[in-house]
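These notes are about the structure you will find just below.
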Amino acid sequence: MRPRDVRVCVLRIEGTNCEQEAYQAFADLGAQPEIVHLKQLTGAAPERMRRNLEDYHALMFPGGFSAGDYVRAGAVLAARVKSALSKNLVPFIESGKPVLGVCNGFQALVELGMLPGFGGPMAAAPEAALGTNDSGRFECRPTFLKNENKGKCAFTATIPHGGVIMCPSAHAEGKFILPIEQERELLKRLEDSDQIVFRYVNPEGKRAGHPWNPNGSLDDIAGICSAQGNVMGMMPHPERVFTRYTHPDWTRNFVGPRGDGMAIFESILEYVAHRF
């Protein structure tokens with residue numbers, strides 16, 4: 001399959017606000033993205049507007065504040081997806097098709113039980129959480145991410161192991177946490193199964209505290225993937241730095257039009273093109 005044949009479903013409901021940037025990132029790489037409302041996938045839309053998840057090669061949960069983030073960030077979106085779409089979403093994941101969740105999308109994937117994925121493609125209950133930032137406030141800042149994955153993750157194929165990219169963070173609930181009574185055991189499990197994808201670092205690529213880690217996330221974790229490697233969630237926004245022109249320092253350190261976030265989207269298309 002060629003990248004231009006890859007069909008991408010960019011999911012939206014009321015409150016999502018990064019779907020257009022995600023759509024544009026895939027479109028600029030020549031893929032065939034479509035912004036699809038959840039109701040179009042569940043059948044709660046006019047027949048001419050209905051869509052089938054099986055017709056897509058990749059699925060993205062974008063950022064924003066889905067359903068106003070009532071209850072918890074991403075919880076309402078997750079509940080709606082689980083109740084109406086799980087029978088389609090589970091086989092989608094099991095087939096190896098990639099699912100990416102960014103910021104609010106990551107929160108939704110955790111609420112769905114799709115990440116960390118210890119209990120299969122969709123656990124009955126959340127196995128982790130993305131809690132309130134240690135600062136107690138919304139953090140919007142450039143963050144540096146080190147690729148810690150050793151090759152399992154489908155979303156980092158074009159980023160060297162140990163490579164550092166810059167992606168902006170914009171969230172109030174991004175602190176990755178595990179059940180305290182199992183924290184050490186589950187963290188080791190993530191490490192041993194190569195599920196830790198990104199860690200927050202400083203510009204030199206070293207682990208550091210706030211503000212480089214904007215939320216106090218456990219072990220500086222900024223992104224994880226499933227055991228199979230085809231589901232990934234990350235808090236920072238790669239779609240916001242698809243081109244260099246949206247980097248905060250582009251006028252001082254312009255090195256060409258390619259932005260750091262482009263590699264994530266290239267990796268998705270490369271993965272799909274070689275697998276399907």
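Nothing in this text is a laboratory measurement; each read-out follows from the coordinates by a stated rule. Owing to the predicted nature of the structure, the values given are computational and were not obtained by experimental measurement. Cβ atoms come from the backbone with ideal geometry, glycine included; neighbour counts cover every protein chain shown.
Which shape class applies to the range 226-276: rounded if a/c is under 1.5, otherwise prolate when a/b exceeds b/c and oblate if not, where a ≥ b ≥ c are the square roots of the Cα gyration tensor eigenvalues? Oblate, since a/c reaches 1.5 and b/c is not below a/b.
Within the chain, the longest run free of exposed loop sites, counting trypsin sites (Lys or Arg not before Pro) that sit outside DSSP helix and strand states (H, G, I, E, B) and have at most 15 other Cβ atoms within 10 Å, spans 51-136. Working note: Karplus 6.51/-1.76/1.60 with θ = phi - 60° gives the range 249-260 the couplings 10, 5, 6, 9, 10, 6, 10, x, x, 6, x, 5 Hz, where Gly and Pro are set to x. With 0.36 nm allotted per residue and the present C-alpha distance subtracted, the Thr246-Asp55 stretch has 65.5 nm of extension available. The translational diffusion coefficient of the range 94-205, from Stokes-Einstein at 4 °C and 1.567 mPa s with a Kirkwood hydrodynamic radius over alpha carbon pairs, comes to 86 µm²/s. Got the relative contact order for the range 3-275 handy, in percent, Cα pairs under 8 Å and 6 or more residues apart? Computed over the range 3-275, the figure is 19 percent.
How would you classify the chain from its alpha-carbon gyration tensor, with a ≥ b ≥ c the square roots of the eigenvalues: rounded for a/c under 1.5, else prolate if a/b is greater than b/c, otherwise oblate? Cα axes put the chain in the rounded bin.
Loop-resident GluC sites (Glu not before Pro) (DSSP state other than H, G, I, E or B) in the range 155-244 with no more than 15 further Cβ atoms inside 10 Å of their Cβ: Glu204.
Taking a ≥ b ≥ c as the square roots of the Cα gyration tensor eigenvalues, with a/c under 1.5 meaning rounded and otherwise prolate when a/b beats b/c, else oblate, which class fits the range 111-176? Oblate shape, in that a/c is at least 1.5 and b/c is the bigger or equal ratio.
What the Cβ-Cβ distance of Glu181 and Ser86 gives, at R0 = 25 Å and to the nearest 0.05, is a FRET efficiency of 0.35. For the chain, lysine pairs separated by 8 or more sequence positions, or belonging to different chains, with Cα-Cα distances below 20 Å total 14.
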